[in-house]
Structures are given as C-alpha cells and as structure tokens.
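Working notes, beginning with the structure itself.
Every number in this text was worked out from the coordinates using simple rules, so none of it is lab data. Being a predicted model, the structure only gives us computed values, none of them experimental. FYI the Cβ positions are ideal-geometry reconstructions off the backbone, even for glycines, and counts take in every protein chain you see.
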Amino acid sequence: MPIQRRQFIAAVGGGALASIAGCSGSDGSSSGGGSAGVAGETLTLTTTTSTYDTGLLDEIHGDFEEMYGVTVDAVAQGTGAALESARNGDSDVVMVHARGLEDEFMRNGYGINRRDLMFNDFVIVGPEDDPAGIQGMSSATDALTTIAEAEAAFVSRGDNSGTHTKELNLWDAAGTEPSGDWYQETGTGMGEALNIANQQGAYTLSDRGTYISQRSEIDLTILVQGPIEGGPEILANPYGIMAVNPGVHDNANYDLAMAYIGWITSPGAQDAISSYQMNGEQLFFPEAVSEDPNFQQYVPEGWSSDSSSE
Amino acid sequence: MVRLSNVSHAFDDETIVENLSLSIDPGEVVAIIGPSGVGKTTVLRILALFLEPNGGSITLDGKDVWSISEEQRLRLRRRIGMVFQEASLFDATVERNVEYGLRVRESWRDRLRDELWSVLGSNGTPGAVTEALELVGLSEKVGQEARSLSGGEAQRVSFARALAYEPEYLLLDEPTSDLDPRNTALIEEAVGEARDRGIGIGIATHDMHQAERIADRVAVILGEGVAEVGSAEQVFENPTDERTAKFVSGELVY
Amino acid sequence: MPVESAVPLVPAVVDLPFREGYVRSIIFVSLYVSVTAVALSTLFSLPVAMIMGFADFRGKQFVKSIINTGMGFPSVVVGLLVLFTVSNQGPMGALELIFTREAMIMSQFVLATPPITAITLAAITGVNENVRDAAHVLGGTRLDVALVVIKEARYGIATAILAGFGRAISEVGSVLIVGGNIVSSGGISKTRTLTTAIQLEARQGQYDTAMVLGTVLVALVLTVNAIVVRLGDEGAMR
C-alpha cells in the first residue's frame, strides 16, 4: 500500500509537469481574415529596444495579425541579442538598424531576403548652455572632436546597440578615441542614458524617437541635427528587416516571416509607418516602396557580382 | 502471547540483555523493573518489534517476528501499542491525536474520505476516541489543542491515543516518571482497566512500588545481562538472586 | 484568483498611461508564473527535504552544499542556463519553449527550490524526534510518519514557501531573458510580468510609471504574505 501511494503521487506530479509543458505554443491568435496555411500561427520577431519602445510595432501589428489570423510576438532585446536569437533560430524574422551587423548576418547565411524598411536619424543632444560650443555644427564628427577636446561630459550607451555602434563609428570617422573621466559608458537603454545625461548636464548621441518621447521630462536640447532636419547624412539611422534562413533552421516559420516582410514593405504598411507620430512628430520615414529601388538593400553593402562567389 | 526467548542484545560492545526469556499474555500486566539506564527501553523496543535483537527469537502468537517480510511485520506491529515517558503529542487537537491510530489503519480510500469530512468539519468524534478518552478521564478535553494540556493530562491523552485502536498488547516506557501522584494514579487505574479488557501490558518502571501495585508478573533487569523473571509475589518476597533482593529492598545494586 | 479581482481598483486610484487590461494582464502573468513555479517547486522540495532530513545516503553533504549555493545563486545566470537549454539550439529546443511562460516557470522553479528546500529542511529537522517515533509506534507507515512530520512543521514550511514565492515574483533578469517581455498588440501581456514591465519603463526613463508598477508589486507581495500569515494565525488561535 505505501508503494502504491508513492507511485500515485509521482504520477500526478509528472502528469502536472507534462501537461504544463504541453501548453506552450501559440495562444490567442485573432480570428478573421485567415489566409490558408499560416492561420493560427505565431511569428517571433526580435528587434532592438529603441525600435520597440517607440510603440510603432504595437500600433501597426494589429493590421497584420488580423489580415492573416496570426499573432506576432515582438521581443525587444537589443541589437546584438536580436541577431543572436535569429542566429539560433529562436526567432523567425529580425528587425534592426545596424547595417554592418546585418551584412555580417547575411554573409554568414543566417538571414535572407533583406529589405530596407524605414529610417530616422540620430541627434547629438546636450545641456542648453552648451559648454563645448557645438550648437548648429554641420559635421557630427567635428562636434564629437570638439567635445573630446573640451573634455565635456559625454554619456555613451556602451552596450553594442545600434546607437552605440553608430557612436563608435562616429568616433572612428572623427579619428578620435574617447577616453577619460568625461566619457561615461552606462550600459543602459536609451531612455535611461538620456536621464543620466540630463542629470549630469552631459552630451549624448540619441535616436530622435527616444529623444522626442523624453523631451518633456529632460532639459537637453538638440545641438546637432540629423539628416531629417538638414543635418549630416552620417547621422542617418536606416532600419532593415531579414527573414531567418530556413535552410539553416528548418523550424523557422519562413512562410509567415515572408508574409510579414511582404506586408511591412507594402504601400499600406509603409503609409501607416509614416503616419505614426509621437508627441505630435513623425518618427519614421518609410523607404521600402520606391520607383527606383536600391539594389544594395538585398545584399551586403558593397557587394557586386564581380566580387567573390555565392 | 508475545514471547522473548533467550534474547540477547548488545550495542557496540556493551551487552544490554543476555539470554532474556520473557512473555506477556493478554490480560496480564508485566512490569519490567530495574535502575535507570539499565536497558528497559531496549527490552520494550524489542517487545514492540522495532528492534531486532542480536540473538534469540521473538514470537507473536507463535510466529517468529523477524523471519517474515517487513509488510507482514508491520501488520503484527500494529497489534501492539506503546506509550513513552514523554507524551509527544502531535500539534493538533486531542481528538486528532487520539484518532491517529485508527486513521492509519484505515484503507486509503476510507482515510481520504474521513480526512475530507474532518476538514469540512462535519465529522462526529469516532466512538473509539470517546471511549479511550473516558478511560483516562479526559472526555471534556476532546476539542482542545494538545499542546495546551498540562504534563499529566498530556500523558493521559498519550495513553488514550495508544488505546484507541484496541491493541492486543500495550507497552509503557516509564509512563509516570514525570507525573504527580494524582496523574500517576489515574494512569495506573487506566492500566488496570485495560488489563481487565484483555490487553497484555508491559510496563517499564524504576519505581518498585508501582510494580508492586499493578504488576502480575515482574522481570527485574539488573544489568550485565542478568535478569530475574517471575510472578510479582515471588520476586518481591522470595527473590532468587541476591541482587534482586537488594534492588527490591531499596538498595541500589551499583 | 482573489488578488486579481482586486486589481481593477488600481487604475482607478492612480492614473496610469496604459491601455485597459494591461496592468491586469501583467499582474496575471506575474502570479501565474510565480505561483505555478512555487507550487511545482514545493512538490519537488518537500520529498527532497524529507529524504535529506531522515535518510542517510552517500553524497548527502554534497546535495546540502548545492542547496546552500543555490540560495545565493545569481538569478540572471539561471536565466542564461535556462536560455541555453530551451533555445532552438539547446537540448530542449524541439519543445519550442523559448519566449514562453513555461520557460519562465522553469527559471523561477530553479530559483525558488533552494530556499524552499533549505527552510523546509530546517523546519522538518526541528520536529521533535519523539513525535516521529510516536507516529511510527502508533502504526504509521513511513508515508504516515512523513505526513505527520509535515503537519508538525507546517508553519516552517509555509515560511519556506513564502520565501520561495518572494524570490520568484521579484525575479527580473532571468524571466526577461527567457520570456522576452512580450505583450500582444492588443496590450495584453504574454510574457511580461510586473518586474519586467518595471524594467521596461525604467529603460525608457519613465521612472514615475515604473514606481507605480513597483508599488503594485510590493502591494501584491504584502497581500500574499498577509494571507498566508493570517491563515497561520487562525490555525494557532484555534
């Protein structure tokens, strides 16, 4: 009798665990629309925190979900992690704004069917009294050099995010290596970094979207504009989207990923992207739909048919 | 009848008992007496079928207890009850304490049903519990928290707990050592009652006078494996071993 | 759940910039994940603690030191380990548990088990040996005796469960890594908990909102503790 009891308890415990594990997978996909094949499925999309935090995806995904009767799980991870997840096959489609890393991703065969998606830009912000005197400079690299020479406080993301990567590229292009107490790497998200810069009266590089959403709460102003407002091209921030290669991960939801890419680069969705506003300002500028498509969007930058093989 | 035949037991190198032969019949009280620490508890544990002795055999109604399966032995053990020196009541009501022995003997189906009923509060007190509590004079405490009882009351509840499931044999390990005279008397009365109901009782005590009061037969454990077993009369009035005589007359053997 | 139904009061008291049902859904996910993890952990830890308390076996000291190490084990490392396990590339990849509540339950299970086991073990070994002997002698099987011990140690065990729950529901790092902090486009949480929602707000620099969510979390924990303590008091005052 005691042995029976023990087995009974073990069976109940095992059954509970198994039934909970069996509950994974898609839940709550919307009814309606429902193209054949993908209906009821879940698309996992990994992207950066700054992209996600603008709220754009939450705003537009509903249309896609309804159209196909699917669910989109948007995971905000940060550029590096988003690509790593895609590399591991934990996501089906990846949306980042770090061209260099996207190119590497494609070269290594993890991502295919890349499309240019949209762009916005970066701005250099700082305290109103502008101690380093960079206000209105037309060269971002000159502005950074000036800040370095003045040893004015500067806050860096320090986290290999898209923003941080751009910042490092700028320092590189300026030929200056930032070091010293004035240069602080925080390892935080953009919003927090802005807060820290605000508290310390420091300069920082920010994507325009996050700055706009924070503007009412901080005292930093834009001192060097991005290309959207006439500033230098080097501060452009283009977004790309890629599908995870089903040849590498056969359980990647390729059909749904392609449906998503098709949808988000379609005129309808691109319009929705340009209509999206935060605090009364447009955040993203669509570039997928064009009379004269940029062929460089499909391949790693600089690739030509003369260069090396498949 | 539970019988020890030529039982010997030693812990490490120390011999506790040697060649002890002892039996308890239903309806009799056997006192196991001797100085504190001499091994009375060990003898009781052997009698309760918890301790396998190094040598000799134990039979219950003729069946050798240690040559059968653990499951069969458990069934035999369940016919025996035991009360310790410390009451060791569970942190629950008196009723839950006393009915424990009944519960563990139920089939698991019945037990589940009874547990559910008592959680829902719609159980009456089992008859056996009421009876056992009456025997020790604590009927009115049935719903009280066991931990709030006095030492004497707790020991009496402990006695009722061992009695509730009507064991054939009851072993008591110095049950009244920590009690005042009144509670001691109540326990001794209950022992007598139990004996009259046909239960075979073994009681370990270092109090000779208690043994004189209630025992039918006596086993005197004197240490180093020596013991004398006989009727109460014989042991107290005509002991065969002179150490017994000394112990009985109040002189410590050591 | 009783706590969940009290939550509609929250948006009424404070003006939060969220869609209808958002806060409720993240509270639900927090509770669902943590309560499940703690329940499973208790089912696992109780027998383990019983064995540790009453049996002797080789490697017992080793198991004890694992439990003690587990108490202070950095939770975010647990998250990484679970990530490696459930990732598509990992041994359990085929189950597709990445970015699900089940993966979060796994990591909270790993975190809650050491404190629950250790405190339960202390409670169980604190039970007087005589009580155990009594249960045995009265005819109890090993299982009966175990149940008696558990009942005797019930207050200590409740403390253990509360400690495990506290650790689980406060978890941020590991549930973020394995859960992905996902919310549906309709504003209903899939794998976002109170803690990861707080982290999200803080990341965006929205500290005020983060603080409000933090208050909700603290209130939740206090409520759960109060309920359990109250049940215990009622038991003691019987």
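For an R0 of 25 angstrom, estimate the FRET efficiency from the Cβ-Cβ distance between C:Leu80 and A:Asn160 and round to the nearest 0.05.
Efficiency for this residue pair is about 0.90.
Once label points are set 7 Å from the Cα along Cα→Cβ at both A:Asp172 and B:Ser249, what is their separation, rounded to one decimal in nm?
Label-label distance for A:Asp172 and B:Ser249, simple model: 10.9 nm.
Report, ordered by chain and residue number, the aspartates and glutamates lying within cross-link reach of C:Lys151, taken as a straight Cα distance under 12 Å and ignoring same-chain residues fewer than 8 apart.
Those aspartates and glutamates meeting the cut-off are B:Asp91.
Only bridges with both residues in the protein assembly as shown count here: give the DSSP antiparallel percent, nearest 5.
About 60 percent, rounded to the nearest 5.
Calculate how many DSSP beta bridges within chain B are antiparallel, expressed in % of all such bridges and rounded to the nearest 5.
Among the beta bridges of chain B, antiparallel pairing accounts for roughly 55 percent.
Zone of C:Thr125 (label point 7 Å along Cα→Cβ, backbone N under 20 Å): which residues in region C:62-81?
C:62-73
Filter the DSSP H helices in chain A by two things, a Kyte-Doolittle mean of at least -0.5 and an axial alpha-carbon span of 27 angstrom or more, and list the hits by number.
Span-like helices, by this rule, are A:2-21.
Does anyone have the angle between helix C:101-125 and the longest principal axis of chain C? Alpha-carbon axes, 0 to 90°, nearest 10?
With rounding to tens, the tilt is 30 degrees.
Evaluate E = 1/(1 + (r/R0)^6) for C:Leu147 and B:Asn19, where r is the Cβ-Cβ distance and R0 equals 45 Å; express this FRET efficiency to the nearest 0.05.
So, using R0 = 45 Å, E works out to roughly 0.65.
Percentage of Cα-Cα pair distances in the protein assembly as shown greater than 39 Å, rounded to whole percent?
Beyond 39 Å sits 55 percent of the P(r) for the protein assembly as shown.
What is the spin-label model distance, in nm, from B:Glu233 to B:Glu106 if the labels are put 7 Å beyond Cα along the C-beta direction?
Between B:Glu233 and B:Glu106, the simple spin-label model gives 4.8 nm.
Can you list residues from other chains, or at least 5 along the same chain, whose modelled amide H is less than 5 Å from the amide H of A:Thr221?
Close amide H contacts, sequence-distant or interchain: A:Gly126, A:Glu128.
Would you mind getting me the FRET efficiency between B:Ala10 and C:Ile66? Use the beta-carbon distance for r and R0 = 41 Å, nearest 0.05.
0.60
If each DSSP helix of 4+ residues adds -39,500 (n - 2.57) and the sum is divided by the residues in the protein assembly as shown, what number results at 222 nm, nearest 500 deg cm²/dmol?
-15000 deg cm²/dmol
Give me the angle, in degrees from 0 to 90, between the Cα long axis of helix B:94-104 and the longest principal axis of the Cα atoms of chain B, rounded to the nearest 10.
Tilt of helix B:94-104: around 80 degrees.
Given H placed on each backbone N at 1.01 Å, which residues far from A:Ser156 in sequence or on other chains put an amide H within less than 5 Å of it?
So A:Ser156 has HN proximity to A:Gln184, A:Glu185, A:Thr186.
Taking every alpha carbon pair in region C:73-177, what does the distance histogram look like in 5 angstrom bins from 0, in percent?
Bins of 5 Å from zero give 2, 13, 18, 14, 12, 10, 9, 10, 7, 4, 1, 0 percent of pairs.
Quick check: the angle from helix C:142-152's long axis to the longest principal axis of chain C, C-alpha only, nearest 10 degrees?
60
Quick one: grab the alpha carbon gyration tensor of chain C, order the square roots of its eigenvalues as a ≥ b ≥ c, and give me rounded if a/c is under 1.5, else prolate or oblate depending on whether a/b is larger than b/c.
Oblate is the answer for chain C, as a/c is 1.5 or above yet b/c matches or exceeds a/b.
In whole Hz and in residue order, list the ³J(HN,Hα) couplings for region A:208-221 that follow from phi through the Karplus curve 6.51 cos²θ - 1.76 cosθ + 1.60, θ = phi - 60°; x for Gly and Pro.
For region A:208-221, the Karplus curve yields 4, x, 5, 4, 4, 6, 9, 3, 5, 9, 10, 9, 8, 10 Hz.
Based only on the alpha carbon positions, what is the Kirkwood hydrodynamic radius of chain A, in angstrom?
Result for chain A stands at 21.4 Å.
Just report the Cα centroid separation between region C:115-188 and region B:89-149, whole Å.
Cα centroid of region C:115-188 versus Cα centroid of region B:89-149: 27 Å apart.
Can you check what the Kirkwood hydrodynamic radius comes to for region A:121-235, Cα pairs only, in Å to one decimal?
After inverting the pairwise mean of 1/r, the radius is 13.6 Å.
Give the residues of region C:32-49 whose amide nitrogen is closer than 18 Å to a point set 7 Å from the Cα of C:Thr223 in the direction of its Cβ.
Only C:32-36 pass the distance filter.
So what's chain B giving for Cα Rg divided by 2.2 N^0.38 Å, two decimals?
1.04
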